[in-house]
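All remarks here apply to the structure that follows.
Coordinate-derived values only; no laboratory data. This structure is a prediction, so every number in the text was calculated from the model and none was measured. Quick reminder, even Gly has a Cβ in these numbers, built from the backbone with ideal geometry, and neighbours come from all protein chains shown.
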Amino acid sequence: MSGVVEYPREAIALVLAEAPTLCAGNPFGDCRWYHASWPVLKGLGVFISLKSDDDFLLPQLRAAISGGARRILVSGTADAGMLARIAACRDAAPDGLDITVLDCCPTPLALCRQYAERAGLPIRTVQADILNYREGAEAYDLICTHSFLTFFDAAQRLQLVRQWHALLKPGGALITAQRVRPDETALITRYPADEVEALQDKAERLAALHGAALGVDAGLARHSAWLYGAHHQTHLIADADQLRAPFDAAGFVLRHFSPPPADAPVADVPGAPGNAQAVRWRILAQKSA
């Protein structure tokens, strides 16, 4: 899929300059390791992120917007990646979109404002905990996010999905993608030391290829990879049943629930420790009309 425009050099410059201050405003703790490293690693191509799901995300976003979705909530975001995908589909809404981006940390909200200004896309940013967010029931036509559910344990995931359901208008939809990690038992997923080192080596190799265009040298690349690998942890979702359970419990109708096809245009590169069986399932969940 084409049409997605991002601004990696500008995003990297912003987080390197401002994440130390902005992330201090996250009430859930210091997340500088994440928000200062992620744009560097994504810009270098260490992680592909949303690109590996664009063959699902872009058609579904376009279909939703073409079908009348105008009030859109981006529920949690590491950067402006999801916003860029909405922007790529905005021509399907000649009357314009009403976009809210919500996160508990000011840094990704600043990245989204930076992106929106460059792209000429009006947005509203809200710093809040999605679990406690009170916009009003049935406020949105569409909610979208990516790789967000594993930041919550099983009980919180149920609370989160119920919150999404409450925030959607009847007939509204949620679009997301989330990795499951079969054959794992540790409830918290972390990088082992050898994978942290391998991540650093990969980042340094990629910096040698095109880091200059991003303002990223070998030292920054290795440090960013260390920050991410040494601190990254997520809650395990071991199989599709665990992933599906909160959507069924919340009352969603799953219109699409499947892993990527074998011939997906862009191969997925996990943003968490390696597991040959780990895949990110694509989800289109609808609230009954």
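Structural remarks
- Neighbour-count order for Ser224, Ser49, fewest beta carbons within 10 angstrom listed first: Ser49, Ser224
- Mean separation of Cα contacts under 8 Å (6+ apart) over length of the stretch 176-289, as relative contact order %: 41
- Highest-MSF residue in the chain out of Asp183, Asp239, Asp153 [GNM, Cα springs under 10 Å]: Asp183
- Once the Cα gyration tensor of the stretch 121-190 is diagonalised, semi-axes √(5λ) in Å: 26, 13, 13
- Here the stretch 216-258 has an Rg and Dmax of 18.0, 49 Å, counting Cα atoms alone.
- Tail weight of P(r) past 12 Å, computed on alpha-carbon pairs of the stretch 1-57, percent: 70
- Qualifying lysines (Cα of each under 18 Å from Cα of Lys287; at least 8 residues distant if same chain): Lys169
- The gain in end-to-end length when the Phe28 to Leu131 segment is fully stretched comes to 35.8 nm, 0.36 nm per residue minus the alpha carbon separation.
- Radius of gyration (Cα atoms) of the stretch 142-289, expressed as a multiple of 2.2 N^0.38 Å: 1.21.
- Candidates Gly45, Gly76, Gly120, ranked by Gaussian network fluctuation over the chain, Cα under 10 Å, top entry: Gly120
- Remark: relative contact order (the stretch 105-254) = 26 percent; criterion is Cα-Cα distance under 8 angstrom and separation of 6 or more residues.
- Interchain or long-range residues, amide H under 5 Å from Val269's placed H: Ile48, Ser49
- P(r) tail fraction, the chain - alpha-carbon pairs more than 26 Å apart, %: 42
- Among Ala230, Ala203, Ala17, the largest mean-square fluctuation in a Gaussian network model of the chain, built with springs joining Cα atoms closer than 10 Å, belongs to Ala17.
- Distant-in-sequence amide H partners of Thr125 (H built 1.01 Å from N, under 5 Å): Val101
- Overall, the anisotropy analysis places the stretch 39-173 in the rounded class: the square-rooted eigenvalues a ≥ b ≥ c of its C-alpha gyration tensor yield a/c less than 1.5.
- For trypsin sites (Lys or Arg not before Pro), the sites in the stretch 58-116 that DSSP calls loop and that have at most 16 other Cβ atoms within 10 Å are Arg70.
- A full extension of the chain between Gln233 and Asp153 corresponds to an added length of 27.6 nm, given 0.36 nm per residue minus the alpha carbon distance.
- Measuring nothing but how far apart in sequence close Cα pairs (under 8 Å, 6+ apart) lie, relative to its length, the chain scores a relative contact order of 23 percent.
- Along its first, second and third principal axes, ordered by size, the stretch 1-116 spans 41, 28, 20 Å in Cα coordinates.
- For Lys202, the aspartates and glutamates whose Cα comes closer than 20 Å to its Cα, not counting residues fewer than 8 places off in the same chain, are Asp194, Asp217, Asp268.
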